[in-house]
Amino acid sequence: CVGSARGHSGTQAASCDMAAAEPLRLTVARCALDSAVICTTVATDELQLAVNLGRTARAAGFGCIAVLPFDAVAADGLDASDRGLLALLPPPTPPLLPRPQFCGKQYLSRRRQFHRMRLWRMLLEAGFHVLGVDPMLRLDRNPLPALGVLRVRADGLQVAGEAYLGAGSSPDVVGGTPGFSLKQIYTYCVWLRSTPATRLLLAQAEARTFGGQDAQVLSEELNWGAGANASCCHSNCLAKQFSVAKPPPAPARPCASQAELPLAPPPPNRTRNSWPPPGTAKAWKPAAYNALPMAAHHFGRCTGRDVACSGLHETCPPPPPPYTRQAALAESRRKRGGAKRKKVGQT
């Protein structure tokens with residue numbers, strides 16, 4: 001069961017996961033602060049990015065960061081102090097490689113999606129809380145105090161007719177405030193507490209990422225699927241704990257494609273996303289990449305406008321007020337006015 005349970009039955013996969021959890025726990029334990037681990041994924045030529053992230057994590061009180069490389073990396077070129085900043089995990093076997101359609105600019109991003117979901121799932125199963133970040137981020141401070149004051153809103157609001165799960169509690173999942181259009185969780189930085197609900201969420205999200213974008217399937221499963229019992233909210237507070245380093249120019253990378261990827265499970269039955277019905281040309285295909293042009297995550301219980309976390313830390317901006325019908329109409333009028341002014345200026 002080295003690195004991966006791909007290709008096994010569900011029972012075999014669970015056995016592999018249990019067998020892998022203990023050595024992983026021992027490898028990563030020195031990185032943890034209050035049972036929380038900073039983790040990232042890297043290509044073979046991104047190891048220095050991980051070292052730089054590890055330095056800021058060490059300065060913030062973490063022993064090291066957990067790193068899942070795409071392929072085998074040679075850490076011998078690092079000095080002893082830099083090697084100590086990284087808990088390098090063995091790369092998945094067989095390697096997680098995208099389909100040929102992702103050769104080119106999207107190749108690195110697609111590989112990162114596979115490895116990100118794999119790493120988060122493994123760490124959660126090992127009992128660690130996870131702050132998953134991309135390697136170009138740099139910690140400005142210990143983020144745990146800010147995350148510790150965030151709460152699921154308890155002001156009686158509802159999303160899609162459902163009361164907030166865990167209102168007033170510390171959320172199981174915190175994402176950055178989603179974008180205006182897609183309203184998906186940004187997977188470059190996500191906080192996940194290790195609970196039965198988040199472990200189920202990541203197991204399903206990892207499997208579905210073989211057939212779709214990680215942010216899309218993670219948001220969908222959290223809102224309406226395997227993660228439906230995880231409490232959640234979003235906050236701009238996450239972004240305030242980090243700065244972004246400009247990565248060096250990416251070298252040309254070979255594009256290798258695997259002959260087969262695991263079949264990706266379909267969307268959850270309760271999803272509000274408008275996937276075409278089974279049997280139609282654009283329906284979810286387990287053995288292909290599936291794209292949804294416009295997701296409905298703005299209706300989601302974890303990604304809607306009204307589910308910003310409550311609680312305020314000195315490093316964080318205040319949470320936005322509840323998004324009412326009046327606020328929606330006012331925003332719509334403002335945008336229409338801006339579009340008209342832009343059009344007049346262009347004539």
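No lab work stands behind these numbers, since they all come straight from the coordinates. Not measured: the values here are computed from a predicted model. All Cβ positions, glycine included, derive from the backbone under ideal geometry; neighbour counts span all protein chains shown.
How far is it, in nm, from the label point at R333 to the one at A72 when both lie 7 Å from their Cα along the line to the Cβ?
Here the answer is 6.6 nm between the modelled labels.
Going by amide H atoms built from the backbone, whose H comes under 5 Å of the H on G225, apart from near neighbours?
none
On full extension of the chain, what length is gained from N229 through Q48, given 0.36 nm per residue of separation minus the C-alpha to C-alpha distance?
Gain on stretching N229 to Q48: 61.4 nm.
Enumerate the amide H contacts of G63 below 5 Å, restricted to partners 5 or more residues apart or on another chain; note that Pro and chain-start residues carry no placed amide H.
So G63 has HN proximity to A32.
Given axes a ≥ b ≥ c from the Cα gyration tensor, I'd like to know whether the stretch 208-314 is rounded (a/c under 1.5), prolate (a/b larger than b/c) or oblate. Kindly include the intermediate steps, with their values, before the conclusion.
Values: a/c = 2.57, a/b = 1.16, b/c = 2.22.
Oblate is the answer for the stretch 208-314, as a/c is 1.5 or above yet b/c matches or exceeds a/b.
How large is ³J(HN,Hα), in whole Hz, for each residue of the stretch 120-137 in order, when computed from phi with the Karplus curve 6.51 cos²θ - 1.76 cosθ + 1.60 and θ = phi - 60°, using x for Gly and Pro?
Result, rounded to whole Hz: 4, 4, 5, 5, 4, 5, 7, x, 8, 6, 10, 10, x, 9, 7, x, 7, 7.
Report the extension gain between L108 and A245 in nm, rounded to one decimal, defined as 0.36 nm multiplied by the number of residues separating them, less their alpha carbon distance. Can you show the working numbers first?
On the way: separation 137, 0.36 × 137 = 49.32 nm, distance 1.77 nm.
That works out to 47.6 nm of additional length.
Please turn the phi angles of the stretch 216-225 into ³J(HN,Hα) values with the Karplus equation 6.51 cos²θ - 1.76 cosθ + 1.60 (θ = phi - 60°), one per residue in order, whole Hz, x for glycine and proline.
So the Karplus estimates, Gly and Pro as x, are 5, 6, 5, 5, 5, 5, 6, 6, 9, x Hz.
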